[in-house]
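Okay, structure first, notes after.
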Amino acid sequence: MIRAILAGAAGRMGERILHALVESKDFELGGACERSDHPAVGQDVGTLAGLGHLGVPIAASLDEIIERGDVLIDFTTPSASISHLKTVAKKGRAAVVGTTGFDEAQRKTVQSLGDSLRAVISPNMSVGVNVMLRLTAEAARLLGPDFDVEVLEAHHSQKKDAPSGTALALASAVAASQGRSLEEVGVFGRKGLIGERKKGEIGIMSLRAGDQVGEHLVMFAGVGERLEVVHRAHSRDNFARGAIRAARWVVDQPPGVYSMANVLGLSER
């Protein structure tokens with residue numbers, strides 16, 4: 001039995017992951033935590049999620065409960081996730097992190113944890129999205145630079161970061177497949193008299209409205225034809241199931257920072 005600790009337990013994703021954990025036959029909930037000032041601290045996590053009393057109160061920090069788990073599942077904020085990863089590395093646990101919005105300094109911090117960390121870190125835990133990443137990279141390679149590429153993402157109105165981590169990953173996959181750098185060719189939104197589209201640029205556009213879970217579209221537009229690769233998330237349950245799959249996989253891995261491509265066998269490292 002794998003003992004899981006859930007960070008961000010009172011959030012939207014936390015609730016769906018909790019449901020997935022309870023339904024899974026090879027996991028048990030070792031603990032749950034939220035930020036120290038969250039009103040849910042001290043409440044039973046199962047009662048809060050509509051699952052009935054589970055006997056697991058929500059702790060005010062990961063440090064209080066880290067000894068109770070084998071793997072941390074974390075969908076919180078960049079700063080909280082970095083702190084949690086340091087704790088996980090120090091205690092020799094594994095982690096699955098679906099947080100988005102890490103800046104360059106935070107990404108370097110993760111890498112600096114080196115051989116003391118076992119973690120799957122992915123901006124999107126959906127199996128379908130990670131297959132989409134592979135398909136997008138292959139389409140970019142096969143179609144080549146004669147096709148213009150645009151990435152469009154749409155999320156609910158409460159999402160704090162833009163573009164989504166998945167949109168950036170998709171655009172980066174296109175750029176890498178064609179030997180380019182997204183930092184050099186990415187165009188994030190357009191306004192005003194911008195002139196003709198530059199050869200090789202990759203447009204990334206963000207929409208925020210309503211309660212939509214998430215939609216990503218990659219458009220390859222050529223002369224007389226257009227190819228689109230689309231993924232639509234109908235609920236957060238697909239992300240939760242992906243996170244459980246990643247947690248099941250990472251507990252048996254050697255130290256390293258992995259992606260969902262590793263979990264799904266789409267990449268060796």
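The values are calculated or read from the model by the stated rules, or taken from the named source; none is laboratory data. Computed from a predicted model, the values in this text were never measured in an experiment. Positions of Cβ are backbone-derived with ideal geometry, glycine not excepted, and every protein chain shown enters the neighbour counts. With ligands, DNA and RNA removed, areas are computed over all heavy atoms of the protein, side chains included. Shrake-Rupley method; radii C 1.70, N 1.55, O 1.52, S 1.80 Å.
Key figures
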read-out	value
Inter-residue pairs, beta-carbon under 9 Å, first on the phi > 0 side of the Ramachandran plot and in region 144-155, second open to solvent by 40 Å² or more (accessible area, probe 1.4 Å), 6+ apart	G144/Q178
D74 in contact (Cβ under 8 Å) with a residue 40 or more places away in the chain, open to solvent by less than 50 Å² (accessible area, probe 1.4 Å) and acidic (D, E)	yes
Region 166-177 residues that are under 15 Å from H231 (Cα atoms), paired with ones that are surrounded by fewer than 21 Cβ atoms within 10 Å (Cβ to Cβ) and of a type in the set (V, I, T) (beta carbon under 6 Å, 6 or more apart)	none
Considering residues of region 207-255 that are small (G, A, S) and under 17 Å from the mean Cα position of the chain (by Cα) only, the residue nearest to V187 (Cα to Cα)	G214
Candidates G210, G186 - the one that is more than 16 Å from N124 (Cβ to Cβ), surrounded by fewer than 17 Cβ atoms within 10 Å (Cβ to Cβ) and of a type outside the set (S, T, N, Q)	G210
Some residue of region 46-58 being within 21 Å of the chain's Cα centre (by Cα) and of a type in the set (G, A, S)	no
Condition met for E28 (under 23 Å from the mean Cα position of the chain (by Cα), closer than 27 Å to Y258 by Cβ and either of a type in the set (D, E, K, R) or in a loop (DSSP other than H, G, I, E, B) (or both))	yes
Residue check, G203 out of contact with any helix residue (DSSP H, G or I) (no Cβ under 8 Å at 6 or more places or on another chain) and farther than 24 Å from A137 by Cβ	no
Strands (runs of 3 or more DSSP E) within region 83-167 that include 3 or more residues more than 20 Å from G8 (Cα to Cα) and open to solvent by less than 30 Å² (accessible area, probe 1.4 Å)	148-155
Residue count, region 31-45 (criterion: more than 22 Å from the chain's Cα centre (by Cα) and open to solvent by 60 Å² or more (accessible area, probe 1.4 Å))	4
Answer residue from region 225-251, given it is modelled with pLDDT of 95 or more and surrounded by fewer than 15 Cβ atoms within 10 Å (Cβ to Cβ) and is nearest to M13 (Cα to Cα) among those	R232
Pairs, first farther than 16 Å from P255 by Cα in region 104-127, second part of a loop (DSSP other than H, G, I, E, B), C-beta under 6 Å, six or more apart	S122/S259; P123/T100; M125/G98
Counted residues, region 223-269 - those being among the acidic types (D, E), outside any loop (DSSP other than H, G, I, E, B) and either in contact with a Cys (Cβ under 7 Å, 6 or more places away or on another chain) or under 30 Å from L143 (Cα atoms) (or both)	1
Scan of region 182-231 for residues that are aromatic (F, W, Y) and touching a Phe, Trp or Tyr at 6+ places or on another chain (Cβ under 6 Å), ordered by number	F220
Test: residue in region 196-206 that is within 22 Å of the chain's Cα centre (by Cα), open to solvent by 30 Å² or more (accessible area, probe 1.4 Å), among the aliphatic types (A, V, I, L, M) and at pLDDT 95 or above	yes
Top-ranked residue of region 59-82 - restricted to ones that are part of a loop (DSSP other than H, G, I, E, B) and under 22 Å from the mean Cα position of the chain (by Cα), ranked as nearest to G242 (Cα to Cα)	F75
